[in-house]
Amino acid sequence: MSFLIPCPNCGERSVYEFRFGAEVKSRPSAGSPSEDWLRYTYVKQNESGVQKEWWYHRMGCRQWFIAVRNTATNEVLSTSLPEEKPGGTSS
């Protein structure tokens, strides 16, 4: 069974065309304490199940996008460009 990711621009492609970015997290504001920035940078949830992630299509359209993926099964439930809500609808 292949691990395929549906790029919002290029369609379904092999995972080998992409680079995993990180979990999607809320960025602290500019004046936040350094502890908040350390947690944002280094602490990962890394939970088994559904999570929102950043992916980069390095061998295709070279766009960053968000994927909602089940980490236990690698099933990609939806992908969207950052300015869209997950599921492909505009903000």
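What follows is calculated from the coordinates using simple rules that are stated; it is not laboratory data. Everything quoted here is computed from the prediction, not taken from an experiment. Virtual Cβ from ideal backbone geometry, glycine too; neighbours counted across all protein chains shown.
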Could you work out the longest stretch of the chain that avoids the trypsin sites (Lys or Arg not before Pro) located in DSSP loops with at most 11 other Cβ atoms within 10 Å? 1-43
Angstrom value of the Kirkwood radius, inverse mean 1/r, which spans all Cα pairs in segment 4-83: 13.6
Listed residues 71, 41, 79; largest mean-square fluctuation, Gaussian network over the chain with Cα springs below 10 Å, found at 41
In percent, what relative contact order does the chain have, based on Cα pairs under 8 Å that are 6 or more apart in sequence? 26
State to the nearest 20 debye the size of the charge dipole of segment 4-83 about its Cα centre, where the only charges are +1 on K and R beta carbons and -1 on D and E beta carbons. 180
